[in-house]
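Colleague: Quick one: the structure is below, and I'll ask about it shortly.
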Protein chains: 2
Amino acid sequence: VWVIDNQDYLGKLDGWNRSAQFADGLFETMRIHDGKILGLPQHVARLSNDLARLNIQPPAADLSDLLSSYAHTMTDMSHVADGVMKVIISRGDSERGYGYHDEIKPHITVFYNQAAQLPDSVYTKGVDVVLLQTQCAIQPQLAGIKHLNRLENVLAKKELGTQAFEGLMQNHLGFIIEGAMSNVFFEHQGQLITPELTLSGVAGVMRQHVLAFADKLGVKIEIRDISIDELAGFEHGFLSNSVMGIVPVKSLMQRDVKIGKLTMQLLKAWQSGVIYE
Amino acid sequence: VWVIDNQDYLGKLDGWNRSAQFADGLFETMRIHDGKILGLPQHVARLSNDLARLNIQPPAADLSDLLSSYAHTMTDMSHVADGVMKVIISRGDSERGYGYHDEIKPHITVFYNQAAQLPDSVYTKGVDVVLLQTQCAIQPQLAGIKHLNRLENVLAKKELGTQAFEGLMQNHLGFIIEGAMSNVFFEHQGQLITPELTLSGVAGVMRQHVLAFADKLGVKIEIRDISIDELAGFEHGFLSNSVMGIVPVKSLMQRDVKIGKLTMQLLKAWQSGVIYE
């Protein structure tokens, strides 16, 4: 792993950094290829939006420039062309209490790793998806934001263990929200259906790419509450996130499902890079 | 502020500490007097319980000894007799992803500050309490735990600003849960009423002291869902937390309320230290 912390290599955080104290910040995980960030405009748009929602000062006037320069530095430093870059932006350091001064300066930590190679079968045959007990919080002010309050994902991942590739989480109202590490889509009778994320969950950048690309294809899209009971009726499904792209589902709660036609189209669009255009 | 980090003075965290990455940990805030922790057994019991719920390895076989030794060291180091000690226990360091190895070692950071002196009027006249828009998450697996996912408290504190001493938060079901930095109690016709915290909120140690002491007094206690509408009907109220103890309410959502008899009894029990016995 390679780390940059506020411009310095291999930084350490002060113990009172608000990321460690209160999870007071957000993060962005990006796929890097030859020093370039895939889907950069969408990452920048999401980051700007989330910073504004949390009232965290942007760490630079031009976030696109900032992220790009990190990606170049990391690639040069590591000699790793295919990587994953994680950027944590915390509200900053403060000595005491939930409050903060308006002049507080945001703190950035950047991590870079070689991209993990998933087996080919993940994309050609699909993956198993189960339903978890661990829930997603209902918190409308934080829903959609990729903030640092990720304890429930940690618990979900632990519960998932090795029983399947991914586990779906519901919220307390009984609606399916997302996977422990991905967004989820269902393909049914040529339509695309994905959970509403206004009360719970993270609206991933790859989810936005999928929605935009499906819209271009003229596919009918439903973003809505999805109950557990409905899962038994969907013909196909896939997962999305910025690191692993589009991953078809081959079994959903122990029920075998085939890879759908639309899923294949989206998977190919991701593999060829067309989905980012 | 004085800091101990895994035994070293003025520690710095690795950027990949899981507190900073995922809020994967918990904390405990304790009042210290002459090197002694007020309500130590209750703090230890809560900490043990929360560590177990999050499947975090206890950082020592005897948490009571560990916390006491930190309190002594901090008092010696700072020459501050009346202090507040905050202990953050994270699951530890890991390089990548929500998952973790079973051998992961917990990481402790300890902060010590002089206790803030609240004006006498806070206790003799009471404080203003308003209702906030910022909600408490509904997350049964995390409810009650003093975990590091505190972004909503940060937002609540920001919303509160200087409009009142404390702001109450409700959850998405419309139930009052707690204040931005305290638990809340209502006194009505000699009874004590406080929110159920099985879906949302933090079950503070001072809340436990209050419940135990009221029980000893033979007071009827109701722990239950409390809707916003009910607030208008309660005769008296008070706030509790480990740092500021028992704080009477003098206005509740712009309605003046008198300090109740039971509230006074509990306040005196805290001031004299009897509440800890």
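Colleague: Counting only residues that are in contact (Cβ under 8 Å) with a residue 60 or more places away in the chain and of a type in the set (A, V, I, L, M, F, W, C), which one in the range A:34-57 is nearest to the other protein chains (Cβ to nearest Cβ)?
Modeller: A:Leu54
Colleague: Another question, then. Which of the residues that make up the range A:236-277 are charged (D, E, K, R) and farther than 20 Å from A:Asp215 by Cα?
Modeller: Answer for the range A:236-277, where residues must be charged (D, E, K, R) and farther than 20 Å from A:Asp215 by Cα: A:Lys250, A:Arg255, A:Asp256, A:Lys258.
Colleague: Pairs only if they're at least six apart or on different chains, beta carbon under 7 angstrom, first in the range A:120-138 and touching a residue at least 12 places away in the same chain (Cβ under 8 Å), second open to solvent by 50 Å² or more (accessible area, probe 1.4 Å) and of a type in the set (D, E, K, R); list them, first residue then second.
Modeller: Listed by first residue and then by second, the contacts come to A:Lys125/A:Lys250; A:Gly126/A:Lys250; A:Val127/A:Lys250; A:Asp128/A:Lys250; A:Leu132/A:Glu159; A:Gln133/A:Glu159; A:Thr134/A:Glu159.
Colleague: Restricting to the range A:116-129, name every residue that is assigned to a strand (DSSP E or B) and either at the interface with another protein chain (Cβ under 8 Å from one of its Cβ atoms) or open to solvent by less than 10 Å² (accessible area, probe 1.4 Å) (or both).
Modeller: Residues satisfying the conditions are A:Val127, A:Val129.
Colleague: Just to be sure before I move on: is B:Ala81 without any contact (Cβ under 8 Å) to a residue 12 or more places away in the chain, more than 14 Å from chain A (Cβ to nearest Cβ) and open to solvent by 10 Å² or more (accessible area, probe 1.4 Å) in the structure I sent?
Modeller: Judged against the criteria, B:Ala81 is not a match.
Colleague: Next question. Assess whether A:Asn113 counts as being over 30 Å from B:Asn241 (Cβ atoms), facing chain B (nearest Cβ under 7 Å) and open to solvent by 10 Å² or more (accessible area, probe 1.4 Å).
Modeller: yes
Colleague: Given A:Ile104, A:Ile89, which one is within 14 Å of chain B (Cβ to nearest Cβ), part of a loop (DSSP other than H, G, I, E, B), out of contact with any Ser or Thr (no Cβ under 6 Å at 6 or more places or on another chain) and touching a residue at least 12 places away in the same chain (Cβ under 8 Å)?
Modeller: Just one listed residue meets the conditions, A:Ile104.
Colleague: Of everything in the range B:131-150, what is at the interface with chain A (Cβ under 7 Å from one of its Cβ atoms) and either more than 15 Å from the chain's Cα centre (by Cα) or among the basic types (Lys, Arg) (or both)? Give them in sequence order.
Modeller: B:Thr134, B:Gln135, B:Ala137, B:Ile138, B:Gln139, B:Pro140, B:Gln141, B:Arg150, listed by residue number.
Colleague: Given the conditions (1) under 18 Å from the mean Cα position of the chain (by Cα); (2) open to solvent by 10 Å² or more (accessible area, probe 1.4 Å); (3) at the interface with chain B (Cβ under 10 Å from one of its Cβ atoms); (4) not small (Gly, Ala, Ser), which single one is not true for A:Glu159?
Modeller: (1)
Colleague: Additional query: Do we find that A:Gln135 is surrounded by fewer than 19 Cβ atoms within 10 Å (Cβ to Cβ) and among the polar types (S, T, N, Q) in this structure?
Modeller: The answer is no for A:Gln135.
Colleague: Condition first: small (Gly, Ala, Ser) and in contact with a Ser or Thr (Cβ under 9 Å, 6 or more places away or on another chain). Can you find one or more residues in the range B:253-275 that meet it?
Modeller: no
The values are calculated or read from the model by the stated rules, or taken from the named source; none is laboratory data. Note that the structure is predicted; figures quoted are calculated from it, not measured. For neighbour counting, all protein chains shown are included, and Cβ atoms are generated from backbone atoms with ideal geometry for every residue, glycine included. Accessible surface is based on the protein model in full, side chains and every heavy atom, while ligands, DNA and RNA are left aside. Shrake-Rupley method; radii C 1.70, N 1.55, O 1.52, S 1.80 Å.
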